[in-house]
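Structure first, then comments.
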Amino acid sequence: MAKHAFTVLAWFILLLSVPLAVLAKNIHVTPDDDLQASLNRADDGDVVIIAAGEYIGNFIVNQGITVSGEIGSTAGETESLAGANRAVINANGVGHGIELRNSNITIKNLTIINWGRDLTEQDSGIYTDKKSTNITVQDNTLTGDGFGIWVQRSQDVLIKHNRISGNAKLRTADRGNGIQLSMVTKALVEGNTVSETRDGLYVISSQDNELRNNTLHDLRFGVHYMYSHNNKVVNNFSYNARVGYALMSSRKLIVSGNRSLNTEDYGFLLNFITFSEISNNHVKDVWTKPENKVLGRDGKGLFIYNSGYNTIKYNTVDTAEIGIHLTAGSENVKVYGNNFINNPIQVKYVSNKRQEWSVDGIGNYWSNYLGWDLNGDGKGDTAFEPNDGIDKMVWEYPEAKVLLDSPAVLLLRWVQNQFPILKPGGVKDSHPLMMQSRIASIVDSGSAAVNNDSLTKNIFTKNSEATDSL
């Protein structure tokens, strides 16, 4: 009897030592099967493989399982639902496509369409608001009116290589966001493409996350941050949006290697951002459309509002109505190594406090700087001061622009130059660069310096081709 009990105990211990993956089973589902019943039948660690075809309903995943579409022979050849030969989840216009209610869940290789549009109910293609860990959403295609992927109260999340598109027929405010993280920690959002939703990537009250290598276009905001700290925004590309990157009420952000092309209001908007580094980003073409033009609305490459103790370095702002605009107490900021190119107004600085925009002898490149470099050190021999009292008057009273070429204004500017004590506080770059600065490209192994001309050519030749096809 004792020997038998020992044998049973030994087998029990051996069973516990076997990895869960060995015990897991594959469950195959076809359109003729009840998908929800198959999901309910799965145990933790199982893999539910869904054959190509349409599955109508709102589905719930209650176990820690993998749900994967079975890839057909023509998958990847076309983005149309008919040609992709994938498993299609059709939510029939209501609720969530798939709701996750556990940890250790993977959703991949599915096409999800036609979920609800009730934004108050947070209708989403893929949705989870349970406190969970180890959630993976990968290689899915989502098309619908509400939110694409909504993840809340989770940690250790991977959202990778998904394609999400909204409904362009709806007003922007009536669409959901493409990917929304709320109260999430340790998430990696990488390699996704989001278009025609409200905001591409929306992050609120979430810490220690990274957004990397995503493509975002035809949106209100490409990236939108609120109340989120210690995050990284790296190597993303936003184009055809009102705002490329809207960063608000957050601190300790690393924002580097991103691109913004063809935005209407702002390339980068910083509102109450502190102790952050904005570096090696490239902004091109920020211009308010003529039909939307009103007094005081101008496209701004960098708009910095009520944001202090930040470092803004080695960025390029090319062809914006205003290159950089600082206001509302945006002081104690390090600004150096940047390139400001072909901007009709390079700097709009609304403050009386004087600011030096160079660090350790490194200033910024200004395409309209007319000084000389007689000693050949690569820096202008005279400081660059982009604003004076006349500029400030025009900012406060835009209708005064008609007087800019009048003899009275020319006389006032001459008096300012002859009597510097009369000049109001503003921006001064004591070491303006004579050539565009070299920008460090961001790679996983570290930084490598590349010429900014090459960066512009390589990045925007490809991106212009992308926008021309839209």
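Here F272 sits with roughly 110 square angstrom of accessible surface, probe radius 1.4 Å. Spread over its residues, the convex hull of the C-alpha atoms of the stretch 229-377 is 116 Å³ per residue. Using the 1.4 Å probe convention, the accessible area of the stretch 241-366 works out to 36 Å² per residue with neighbouring protein chains retained.
Each of E70, E277 has its accessible area taken with a 1.4 Å probe; listed largest first, they run E70, E277.
Charge tally for V359 (other residues, Cβ to Cβ under 9 Å; Lys, Arg +1; Asp, Glu -1): 0. Computed with a 1.4 Å probe over protein heavy atoms only, the accessible area of T215 comes to about 40 Å².
Relative protection proxy for 179-185, 48-54, from highest mean packing down: 179-185, 48-54 (other beta-carbon atoms within 10 angstrom). Computed with a 1.4 Å probe on the full set of protein chains, the accessible area for D34 sits at about 100 Å². The accessible-area ordering, largest first, of the residues Y305, Y266, Y369 stands as Y305, Y266, Y369, per a 1.4 angstrom probe.
The values are calculated or read from the model by the stated rules, or taken from the named source; none is laboratory data. The model shown is predicted, which means the values in this text are computed figures rather than measured ones. Positions of Cβ are backbone-derived with ideal geometry, glycine not excepted, and every protein chain shown enters the neighbour counts. Note: areas computed on protein heavy atoms with side chains; ligands, DNA, RNA excluded. Shrake-Rupley method; radii C 1.70, N 1.55, O 1.52, S 1.80 Å.
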